[in-house]
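The values are calculated or read from the model by the stated rules, or taken from the named source; none is laboratory data. Keep in mind it's a predicted model, so treat the numbers as computed, not measured. Neighbour counts are summed over all protein chains in view; Cβ atoms, including those assigned to glycine, are modelled from backbone coordinates with ideal geometry. In case anyone asks, the SASA skips ligands and DNA or RNA and just uses the protein heavy atoms, side chains included. Shrake-Rupley method; radii C 1.70, N 1.55, O 1.52, S 1.80 Å.
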Amino acid sequence: MSALPRPTPLKHQPRSRLVVVWLLLMVAATALMLRLLTLQVLDSKELQAKALEQQEIKLNPFLARRTIVDRDGRVVAIDREIYSLWAYPSLIQDNLEATYISEQLAPLLRQPRPDWQEKLRGKEGFRIEQWLTPSEADRLAAKLRTMDPQKWRSGSVELVVERQRNYPQKELFAAVSGFVNADHLGQNGVESSYEFLIKPRPSEAVDRAKKDGRGLLLPNTVPKGVVMVDQNKVQLTLSARLQRSARKALQEQMKEYNASQGIVLVMDTRNGEMLAMVKEPTYDPNTFFSYKQAERDRLFRNAAITDLFEPGSTFKPINVAIALEAGAIQPDTVIYDEGTLDLGGGHVVENFDLSGGNLSIQQIIERSSNVGMIHIVERLKPQVYYNWLEQIGLGDRTGIDLPGEQRGILKTFEELTLSRSDTATVAFGNGVSLTPIQLLQLHGALANDGKLVTPHVVRGLITETGEDIPVLEPRSTRQIFSAAIARQVMEMMVSVVEGGTGKNARIPGYRLAGKTGTAEQPNLSKVTSFVGIFPARQPRYVTLAVIYEPDGDNAFGGTVAAPLVKSVIEELIVMDGVAPSHREEVVPSPPAEPERPPATDP
Amino acid sequence: MRLLQVLPFFDQTVDRWVPAARVLRWLLFLWMFAGLFTLFSASHHPAATEAATPAYYFFKLQLLWVGLGLVLFNALVHLPLKVMMRSAPIGIFVLLGLLLAIEFIPGLGATRNESRRWLTLGGVLVQPSELIKPFLILQGAQFFTQWPALSWKQRSLWLGIFAIVILAVYLQPSLSVAALCGMMLWLLALAAGRTWGQLLTVAAAAIAAALVAIRPYQVERLMMFVDPWQDPQGSGYQLIQSLLAIASGGGWGTGYGLSGQKLFLPEGHTDFIFAIFAEEFGFVGCGLVLLFLMVLSSLCLWQANQCRDLTLRLTIVGTTVILVGQSLLNIGVVAGGIPTTGVPFPFLSYGGSAMLSNMFVAGLLVRCFREMGTAEVVPLRPATAARTTRERRRRLSSGQVP
């Protein structure tokens, strides 16, 4: 080109052509301006919504449920991660790739399904191996990351994390803990009633975060609190140790008397904390799904709060307290007991041993005299008596923090006063229905200077190091008897164990209050019960054992349930290290001087 | 200090330049640094994820290319256009050779993004189709200036060479760059005063040839822009993401660095960087960019109109069309107004070859503005104009270069 002559400026340089070029550029720029105006301002709403839709991700975090521990920190329920290895053969291109995958993975698998290598060449997605522990999953994940991307397409095999609720104590806490369903939601027990504490959910409003084009979450957009970082635990009031020994004793007793169902409850009288809540037969919450449908209700139901029964004689101390409160009797009142009593209408009430005579109130309780109790209650005006029964909460719930608690049954005033026998049966504890937990609660009030507390199984939330986090409202308490009267009744109950029907619960060196109960039930053969309060002075624990349908002529509250309560209280003594209040009973004489070893000198 | 003079900021001759050249220089710098600013935000995510490099990798590399480009820019500003003109045919032949070599010698070219061919030179990916653009401007300007003095043999020889260059670029395949080069040459012919008959014949022939040579996947791409929602996960994905980004910007934009779509948009740091800009700065930002392009092109074409040397004038037209025209083409693609073809936004998109090529073009443009004073040799002018000319001459005699 350099060889060409230098061009001279043309005379008629068409300047108008530059205007054409300029106009072209201006028109293009203006057109684009209009296009952007349409996109960004005029018609932007729809596209903006679409953009937001793909950028936002609605969080449905699969959070760990909090660990549940007992009062000493032993694990009752805990979440653990388990992994499954899934394969999606539709993403595998050819046999070569399938072979590569199986060659790479085979050495790392422990228990894969036997036909997994064939199924890789199939069509349907399947689980190669399940129940993988985190360490096994880590090894597999590392392998999947380092496999040659030229030889396989990642994504055709993946690890899926799942959470599994584990109950290391197995059957021990089943009645209280409940279990979780396939959606990891609580069913039954504390798992259900304390869902809000065990699995805190972030509110709907903060449930959104942003993701990028590969679907990965942007960590800085995740709202606080979505991923639970605290290691707080839900603490029960129950003690695994007491629970275990109570359960063992219950099982032995039930076996001996061939009983159909048994319950042992221990409550701290001062605050309503349940230390033990054992129900037999029970189930293993780890494998709740393996029980037959027909069996489930019988096994899963927490009978202590769902099953109503007529308490019989164990209700007598409550009646005595009412009579004392109403001024119908005094502690030194003497009542003549005929031994048998015809109530009319074919109802004849007789005492257990048919004995009678002039009895003090204490003796009536000690001997569990039915006739004596009728005389006591008949000293009360029916309306006053009925008001008292209502006031102490019969026909109501205790308000325990477990789902499914049944309301007791208190007849209407009209029903109760229909005939002499209707009132009289309530005097010795029949004709009213309540749950074992409510009977325990009422006795707890007698032991707690007349103050009724709300039984509960959850202490609250604790940190990893065991410090309390205040989350629960204090439970309500209510004075139902005066302290003086409650103590008077307690003294009468001590004599039950010392020399009355509850002798089998007696523990040498210690004093406890108690009351036996054996009651025929409308639909069951017999329910025996024993309530024990320990220690007799300044009581701390109230224990109730209820055994349903024990076999044998000798099956009574004093024989079936009292020894059970005794063994539970013995465990409490060991647990708390309670010194005997009557040392002389266990240490008969001072220890003898130890014998000197014989002298070895020749 | 003398060493630093290779960079334009330390160029001490600038105060002696004609005002228009100085204004142009600052407009171009504004563009370059706005580009770096935009890339900083747009390149972060692709660098960290797709390329699996440190987050500032692309930005740092681009800084390196801008640095090299500015040295080239400054060198060109001080190099007489005549020298450049002489180098144009050499440049064209060398780069055409490279283009044909990577097309027909297997193993020489590297495939990127399924359709772009690159040449690996000492570990650096070079894109001959980008680098050939400035030489085409120079040669086109020279050729159409000399057109009346050339024989039909010479004319058809060069027209043939131009056609081969465009075809070779098209075979890359780089449809958009081919189209851009073709349009640029056609506009040079237009500005040079070729008859409408010739112009329309060539345009018709080019369109006919394009229709014959078009490839099936390009047809799909070309038709897709009309309704990208037909295949939202496939061929329409990128354009949809781009439209969503632009619309998300709204009137005022999401703010610098706060684009949500840059996490979705493929090639958000290269060909589709304008969509990220549009999201972060809204219609206000986009309007300012278009206004800037309009002002810049008006300034250039006004200066071209003042210019009496046809070669200079055509070079200005060519450089303006390449810089502004390519920008408009890019915005058109990103906004779904024209078929989706891979064309980078000058000075904004990440890429070394494109940066060097654009710096080359920018340097040429500034050089043309500076040479206008010397090229103006018409004596018969009104007194004021004459005085201006005298003053310029005086200034010229004190310094060496205008």
ask   = Going through the DSSP H helices of chain B, which span 20 Å or more along their own axis at the Cα atoms while scoring at least 1.0 as a mean Kyte-Doolittle hydropathy?
value = B:19-42, B:57-77, B:81-104, B:152-170, B:175-191, B:196-213, B:273-306
ask   = Cα-Cα over 23 Å: which of A:50/A:211; B:133/B:262; A:233/A:292; A:451/A:566; A:211/A:233?
value = B:133/B:262; A:233/A:292; A:451/A:566; A:211/A:233
Summed buried accessible area for A+B [probe radius 1.4 Å, Å², rounded to 100] = 4600 Å²
key: Of B:169, B:139, B:336, farthest towards positive along the dipole that unit charges on Lys, Arg, Asp, Glu beta carbons give chain B   = B:139
ask   = Between the range A:419-444 and the range B:201-251, what's the alpha-carbon centroid distance in Å?
value = 87 Å
inquiry  = Roughly how far apart, in whole Å, are the Cα centres of the range A:307-322 and the range A:255-300?
reply    = 23 Å
FRET efficiency estimate (nearest 0.05) - Cβ-Cβ, residue A:109 to residue B:60, R0 56 angstrom = 0.80
request  = Using the heavy atoms of the protein chains and a 1.4 angstrom probe, tell me the accessible area per residue for the range B:1-94 in square angstrom.
outcome  = 50 Å²
task = Determine, from the Cβ-Cβ distance of residue A:124 and residue A:244 and an R0 of 60 Å, the FRET efficiency 1/(1 + (r/R0)^6), rounded to the nearest 0.05.
result = 0.80
key: Bridge type composition, the protein assembly as shown - antiparallel percent by DSSP, nearest 5   = 95 percent
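Give, in nm to one decimal, the length gained when the segment between residue B:52 and residue B:30 is fully stretched (0.36 nm per residue of separation minus the Cα-Cα distance).
So the chain would gain 4.8 nm between residue B:52 and residue B:30.
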ask   = What does the charge count near residue A:499 come to, summing +1 for each Lys or Arg and -1 for each Asp or Glu among other residues with Cβ under 11 Å from its Cβ?
value = +1
ask   = Treating the beta-carbon of each Lys and Arg as +1 and of each Asp and Glu as -1, no other charges, what is the dipole magnitude of chain A about its Cα centre, to the nearest 20 debye?
value = 3860 debye
query = For a paramagnetic label modelled at 7 Å from the Cα of residue A:334 toward its Cβ, which residues of the range A:487-515 fall within the zone defined by backbone nitrogen distances under 20 Å?
reply = A:492
inquiry  = Taking the 0 to 90 degree range and rounding to the nearest ten, how far is the long axis of helix A:436-447 tilted relative to the main principal axis of chain A, both from C-alpha atoms?
reply    = 60 degrees
request  = Please report, as a whole percent, how much of the solvent-accessible surface of the protein assembly as shown comes from carbon and sulfur atoms (probe radius 1.4 Å).
outcome  = 58 percent
request  = Just list whichever of A:248/A:411; A:123/A:199; A:255/A:515; A:151/A:210 have alpha carbons separated by over 27 Å in the model shown.
outcome  = A:248/A:411; A:123/A:199; A:151/A:210
ask   = Quick one: helix A:316-326 against the long Cα principal axis of chain A, what's the angle to the nearest 10°, folded into 0 to 90?
value = 80 degrees
request  = Would you mind working out the magnitude of the charge dipole of the range A:353-449 relative to its Cα centre, with +1 at each Lys and Arg C-beta and -1 at each Asp and Glu C-beta, to the nearest 20 Debye?
outcome  = 200 debye
task = Please give the FRET efficiency for residue B:14 paired with residue B:299, using the beta carbon to beta carbon distance and R0 = 22 Å, rounded to the nearest 0.05.
result = 0.80
request  = Over the range A:79-177, calculate the relative contact order: mean separation of alpha carbon pairs under 8 Å at least 6 apart, over the residue count, as a percent.
outcome  = 50 percent
message = Using only the alpha-carbon atoms, how far is helix A:483-499 inclined from the longest principal axis of chain A? Give it as 0 to 90 degrees, nearest 10.
response = 70 degrees
key: Lys, Arg +1 and Asp, Glu -1 on Cβ, resulting dipole of the protein assembly as shown about Cα centre, debye, nearest 20   = 8520 debye
query = Which whole-number percentage describes the relative contact order of chain A, with Cα contacts under 8 Å and a sequence gap of 6 or more?
reply = 14 percent
key: Projected label distance in nm at residue B:252 and residue A:19, using a 7 Å step from Cα toward the beta-carbon   = 4.2 nm
task = Just tell me which aspartates and glutamates come within less than 20 Å, Cα to Cα, of residue A:503; anything on the same chain fewer than 8 places away is out.
result = A:252, A:256, A:353, A:366, A:491, A:553, A:570, A:571, A:584, A:585
message = If I model a spin label at residue A:326 and residue A:30 as a point 7 Å from the Cα along the Cα→Cβ vector, what separation in nanometres do I get?
response = 10.3 nm
inquiry  = Using a 1.4 Å probe on the protein heavy atoms only, what accessible surface does residue A:248 show? Give it in Å² to the nearest 10.
reply    = 120 Å²
